[in-house]
Amino acid sequence: MRFRHADAIWSDHPGLAAGALWATGVDAAADVGARVAAHTARAAARLAGSPESEFPEVLAWRRAFSRMGLKPTQYRCASESLLRRLRKEGELPRIHPVVDLCNAISVAYAVPVAVLDGDRIAGPLLEVRHARGDEQYTTFGGGTEHPRPGEVIFADCADRAHARRWTNRQSGHSAVGEGTGRILVVAEAMHDGGADVVPELLKTVAEELAAHWPADPATAVLTPSAPEFVFGD
């Protein structure tokens with residue numbers, strides 16, 4: 001299996017910093033509460049000084065969304081939505097140990113982190129690209145939508161969209177659940193310094209996974225000259 005960003009994505013967003021991680025052997029049994037609390041405490045301390053809307057990591061994604069013709073206060077990147085919820089409610093929702101960890105790490109770094117069930121992706125390629133408009137996206141409620149032509153999506157070889165509006169919303173089809181054993185994690189930043197932050201974030205995710213599951217995560221930093229991550233079988 002391969003993961004990549006299309007050339008047009010790199011061309012349109014030269015400030016993009018991206019990386020991916022593949023891990024096997026995860027399940028829903030691990031107790032990650034203490035580590036989730038530690039990472040969210042880091043985010044909460046930062047939120048005490050300023051709202052997420054002033055974070056450079058969030059502002060960079062807002063600018064990217066504006067360039068894509070999206071109203072950034074209507075469609076927020078995933079990390080902004082999580083930070084907003086943390087600021088208002090004081091905690092993040094508990095979904096699944098893997099998702100909970102990655103959400104907590106996402107707010108700690110203020111960078112969007114996508115977590116997909118690797119067995120729900122139709123290979124051999126998952127690509128971040130512009131939609132044609134005929135791809136299928138499954139909502140978390142089980143409904144089906146079609147991305148708008150030109151919208152940035154995560155698309156597999158069955159023309160299934162695993163994310164809409166890039167870092168705005170993942171698909172219910174590949175959401176991590178009770179039966180998930182293999183995961184693909186993607187981190188993407190747009191702000192100055194993102195090229196340094198993304199490898200650090202991936203290292204944190206890898207360490208947390210290895211500490212809680214018999215996982216041996218593989219990671220890769222993606223660039224226009226090395227855009228592909230080969231993973232899985």
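Quick notes
- Search result, residues across the range 165-222 that are among the hydroxyl-bearing types (S, T, Y) and within 25 Å of T73 (Cα to Cα): T167, S171
- Some residue of the range 63-78 being open to solvent by 10 Å² or more (accessible area, probe 1.4 Å), hydrophobic (A, V, I, L, M, F, W, C) and part of a helix (DSSP H, G or I): yes
- For the range 135-151, the tally of residues that are surrounded by fewer than 19 Cβ atoms within 10 Å (Cβ to Cβ) and either of a type in the set (D, E) or out of contact with any His (no Cβ under 6 Å at 6 or more places or on another chain) (or both) stands at 11.
- Restricted to strands (runs of 3 or more DSSP E) entirely inside the range 148-233, those with at least 3 residues that are closer than 27 Å to T138 by Cβ and free of Cβ contacts under 8 Å to residues at least 40 places away in the same chain are 160-164.
- Set D27, D12, D7, D31: member being at pLDDT 95 or above, acidic (D, E), in contact with a Phe, Trp or Tyr (Cβ under 9 Å, 6 or more places away or on another chain) and surrounded by fewer than 21 Cβ atoms within 10 Å (Cβ to Cβ): D27
The values are calculated or read from the model by the stated rules, or taken from the named source; none is laboratory data. What you are looking at is a predicted structure, and each value in this text was computed from that prediction instead of being measured. Because the Cβ atoms are built from the backbone with ideal geometry, glycine has one as well, and the counts that use them run over all protein chains shown. These area figures cover heavy atoms from the full protein model, side chains too; ligands, DNA and RNA do not enter into them. Shrake-Rupley method; radii C 1.70, N 1.55, O 1.52, S 1.80 Å.
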